[in-house]
1. Between A:Lys125, A:Lys108, which is of a type outside the set (Asp, Glu), surrounded by 15 or more Cβ atoms within 10 Å (Cβ to Cβ) and more than 22 Å from A:Asn2 (Cβ to Cβ)?
2. Can you name the condition, by its number, that B:Leu42 falls short on among (1) within 23 Å of A:Ala174 (Cα to Cα); (2) surrounded by 21 or more Cβ atoms within 10 Å (Cβ to Cβ)?
3. Pick from A:Arg151, A:Arg67, A:Arg119, A:Arg157: which is under 24 Å from A:Asp35 (Cα atoms) and free of Cβ contacts under 8 Å to residues at least 24 places away in the same chain?
4. Among (1) over 13 Å from the mean Cα position of the chain (by Cα); (2) farther than 14 Å from A:Pro79 by Cβ; (3) surrounded by fewer than 20 Cβ atoms within 10 Å (Cβ to Cβ); (4) free of Cβ contacts under 8 Å to residues at least 60 places away in the same chain, there is one condition B:Glu79 misses while meeting the rest; what is its number?
5. Output the residues belonging to the stretch A:55-76 that are of a type in the set (D, E, K, R) and more than 10 Å from chain B (Cβ to nearest Cβ).
6. For the stretch A:181-209, give me the residue count where each residue is part of a helix (DSSP H, G or I) and closer than 12 Å to A:Asp28 by Cβ.
7. Looking at (1) of a type in the set (Val, Ile, Thr); (2) without any contact (Cβ under 8 Å) to a residue 12 or more places away in the chain; (3) crowded, with 19+ Cβ neighbours inside 10 Å, which is the only condition B:Ile62 fails?
Amino acid sequence: MNAIEVKHWFRRYADRILEKKNELTDLDSAVGDGDHGVNLARGWKAIGNEMETFDGGVSDIFLLVSRTLISKVGGASGPLYGTAFLRMSAVLRGKEQIGKDDWPGLLKAGCEGIGQRGRVNGGEKTMYDVWLAVTEAAEKKEPEEATLALRLLEAARKKAEEIIELQATKGRAAYLGERSIGHRDPGAESTVLLFEALHDTVSNPGGRP
Amino acid sequence: MKTGLLLVSHSEALARGTRELVSAMAREVPILITAGDGNGGLGTRAKAIEQAVLSSDLENVILLFDLGSALMNAEMAAEMLTAQGYGMTVVDAPFVEGALAAGMALQVGKSPSEAAAEAEATRNSPKKG
């Protein structure tokens, strides 16, 4: 995946976040403070615009995303996603593109960043659960990037469904105790969208979102 | 090295009110606040926390925060500020009691690390004794 495709990926994701802004906010209103959709939309709208003109390499794109998320998003998702993209940017330093063999290390770095920033280990019903599932899914070698992207997306969707039945023990939803069971986690859902956008991009190479 | 407090809250009213309480006793201690999402709503932002310190004359900052996502933004800002040479201590303490304890420790001339320790110790001081 070269820099142009990475920019397509993030433009598509920005579009998905803007489309789903109200849905994410509704999910967050049920278990949190109701700012997830609005906060992410503010950041990703800016990123979508930056992607139109930015001509840096893959690592610099991830770094720009991180900086924009940290400066514009705030809340929990700003530092969590901001840290993930920062760590992924570091993994890509000096690379021309994201090669097929780069995905496991790239996703692992993002996942670990979220785990450290959010002080989670898995099972707390947060976006980290989905990142961990995607990271594990990336470990199996795959010759085709499109097949890999589909596997990542399926792993993300499956985990986001599984954790609906968990009780949240981290973040604002933890204050609901048992009443958090049965709700979708907003961060898990916005993470699924990231991998939907990746799958769309890899399935339509070169296509403008 | 000039030392002060930074109160990071989701709510500007909460941050201002806490500063008012602390300043009533710790009269000479500088207290910065960062609160809200920047659009009049509730929230915390790493960039705003960083800006508050950069635009102050403090070199050592004891940072208190209200809820979990404030901690993440606080730590992110503290990392950025530490890289720029500031002394940052993020204190895990009850917001109001911790701010008062840290403020009073600085007021009576204790070191930043002693002030941070006193703030954190408030977690184990039940108000019902």
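The values are calculated or read from the model by the stated rules, or taken from the named source; none is laboratory data. Just so it is clear, the model here is predicted, and its values are computed rather than measured. Positions of Cβ are backbone-derived with ideal geometry, glycine not excepted, and every protein chain shown enters the neighbour counts.
1. Details: A:Lys108 fails: more than 22 Å from A:Asn2 (Cβ to Cβ).
When all the criteria are applied, what remains is A:Lys125.
2. (2) is the only condition that B:Leu42 fails.
3. Numbers: A:Arg151 fails: under 24 Å from A:Asp35 (Cα atoms); A:Arg119 fails: free of Cβ contacts under 8 Å to residues at least 24 places away in the same chain; A:Arg157 fails: free of Cβ contacts under 8 Å to residues at least 24 places away in the same chain.
Exactly one of A:Arg151, A:Arg67, A:Arg119, A:Arg157 is under 24 Å from A:Asp35 (Cα atoms) and free of Cβ contacts under 8 Å to residues at least 24 places away in the same chain, namely A:Arg67.
4. (2)
5. First, pick out the residues of the stretch A:55-76 that are of a type in the set (D, E, K, R): A:55, A:60, A:67, A:72.
Residues satisfying the conditions are A:Asp55, A:Asp60.
6. Taking the stretch A:181-209 as the starting set, the residues that turn out to be part of a helix (DSSP H, G or I) are A:186-203.
Subsequent filtering for residues that are closer than 12 Å to A:Asp28 by Cβ retains A:186-190.
Looking only at that region, the number is 5.
7. (2) is the only condition that B:Ile62 fails.
Residues are listed down the side, and each one gets a yes or a no for (1) in contact (Cβ under 8 Å) with a residue 40 or more places away in the chain; (2) more than 14 Å from chain A (Cβ to nearest Cβ); (3) out of contact with any helix residue (DSSP H, G or I) (no Cβ under 7 Å at 6 or more places or on another chain):
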position: B:Thr18; (1), (2), (3): yes, yes, no
position: B:Ala70; (1), (2), (3): yes, no, yes
position: B:Phe95; (1), (2), (3): yes, yes, no
position: B:Ala105; (1), (2), (3): no, yes, no
